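Worksheet for the structure shown next.
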Amino acid sequence: MKPVILDVDTGLDDACALLLAARHPELDLKAVTCVGGNVGIDDVVRNTLTVLEAAGRPDVQVARGAAVPLIQPVRSARHVHGEDGLGDLDWPRSTRPTDPRHAVELLRDVLRDAAATGELITLIPLAPLTNIALLLRTYPEAARGLREIVFMGGAAGIGNATAAAEFNIWTDPEAAAIVLAAAQDLGVPVTMYGLDVFYDVVVTLDQARALSGSPSAELACKLIEKRSERYQSDGGSIGDGGAVCAVIDPSGLTAQEYPVRIELSGSWSRGRTIVDTRHTSDVANDPQGPATTIRVATAVDGKRYAELWLATVS
């Protein structure tokens with residue numbers, strides 16, 4: 001089994017990812033940490049506990065983390081995810097408590113244990129990178145427990161929060177810049193699962209409505225119906241769930257190493273991931289100095305990952 005931790009701002013697509021990570025037999029979901037993003041932190045925590053309950057995983061530790069970005073004001077995406085962040089589905093809510101530790105402390109403790117045992121963990125952030133930036137700068141020794149970071153965020157050339165920037169990076173670009181720099185300093189491999197592939201893992205309404213027989217399957221169906229309604233299509237992307245698919249089945253993802261920077265200024269480009277696709281000689285002579293080289297997802301086998309998700313959540 002692959003040990004993983006998810007860091008989430010649970011909206012509709014994070015919920016798709018949580019169902020997959022909680023139920024797939026090849027993943028050992030060690031913990032889930034929460035951060036403000038799609039909705040406020042209270043709703044994020046409530047949604048996360050609720051999805052794990054539907055997945056039959058009340059055993060998974062959940063911790064509340066940063067409520068706001070490092071510098072700029074919080075800006076939610078309720079227009080995408082509904083007022084409660086879970087599509088206003090009126091789904092039965094979990095009442096169990098969270099772990100008493102702050103998310104950064106839970107991450108620190110789980111990763112220290114992993115380093116001690118040699119069971120290295122894949123960290124899958126699906127939200128603004130605030131918690132992860134705080135972790136890697138406050139407790140850099142925790143990185144010894146990391147196998148890799150596979151994050152959903154950014155893009156090589158498109159945006160959604162703005163014309164230039166993807167929502168997770170745009171929400172806290174300083175945190176994203178810190179994470180890339182810290183990962184390079186600490187020797188942690190990073191993969192960016194961005195908007196270039198985010199929309200390509202699609203479950204049709206017919207496939208979703210064939211799901212039944214368990215709370216997990218029923219919630220999965222409702223999530224796809226809401227995603228379909230939001231984008232006025234006959235199906236819905238599992239969004240963040242694709243990043244979890246990429247950890248389970250890496251061969252379904254095409255990725256290439258590129259230098260990447262985070263734009264921290266600019267009236268119209270703040271939060272953009274600058275993916276440097278120039279010839280290596282040009283990159284080497286960049287007057288701004290070296291960027292952080294990471295794996296950037298460029299293509300995905302959407303049908304394969306959709307089938308993986310459907311088989312798992314059902």
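Observations
- Estimated FRET transfer efficiency when R0 is 41 angstrom, pair residue 67-residue 119 (beta carbons, to 0.05): 0.85
- Most simply put, the chain has about 35% antiparallel DSSP beta bridges, counting only bridges with both residues inside it.
- Label zone at residue 298, where the point sits 7 Å out along the Cα-to-Cβ direction: segment 136-168 residues whose backbone N lies under 14 Å: 156-157
- Cα lying deepest toward the dipole's positive end in segment 261-314, options 280, 269, 302, charges on Cβ: 302
- Of the accessible area of the chain, computed with a 1.4 Å probe over protein heavy atoms only, carbon and sulfur atoms account for 50 percent.
- Using equal-weight Cα scatterers in the Debye expression, the normalised intensity of segment 101-213 in log10 at q = 0.15 Å⁻¹ is -0.71.
- The length gained by stretching the chain between residue 75 and residue 160 to full extension, at 0.36 nm per residue less their Cα-Cα distance, is 29.2 nm.
- As a rough guide to protection, the peptides 28-41, 95-108 ranked by mean Cβ packing within 10 Å, highest first, stand as 28-41, 95-108.
- Extension gain from residue 186 to residue 42, taking 0.36 nm per residue of separation minus the Cα-Cα distance: 48.6 nm
- Taking 19 Å as the straight-line reach from the Cα of residue 30, the lysines in range (excluding those fewer than 8 positions away in the same chain) are 2.
- All C-alpha pair distances within the chain, sorted into 20 Å bins from zero, spread as 36, 59, 5 percent across the bins.
- Shape call, segment 31-117: gyration tensor on alpha carbons, a/c limit 1.5: oblate
- Loop-resident sites, segment 191-280, for trypsin sites (Lys or Arg not before Pro), counting at most 15 other Cβ within 10 Å (DSSP): 278
- Modelled spin-label separation between residue 307 and residue 257, with each label point placed 7 Å from Cα along the Cα-to-Cβ direction: 3.2 nm.
- Computed extension gain for residue 102 through residue 264, at 0.36 nm per residue and net of the alpha carbon distance, reaches 55.6 nm.
- Prolate/oblate/rounded label for segment 189-305 (Cα gyration tensor, a/c 1.5): prolate
- For segment 206-269, the square roots a ≥ b ≥ c of the C-alpha gyration tensor eigenvalues yield an a/c of 1.5 or more together with a/b not exceeding b/c, which makes the shape oblate.
The values are calculated or read from the model by the stated rules, or taken from the named source; none is laboratory data. In this text the structure is predicted, and so the values were computed from the model without any measurement. Glycine gets a Cβ as well: all are built from the backbone with ideal geometry, and neighbour counts include every protein chain shown. All accessible areas refer to the heavy atoms of the entire protein, side chains included, with ligands and DNA or RNA removed. Shrake-Rupley method; radii C 1.70, N 1.55, O 1.52, S 1.80 Å.
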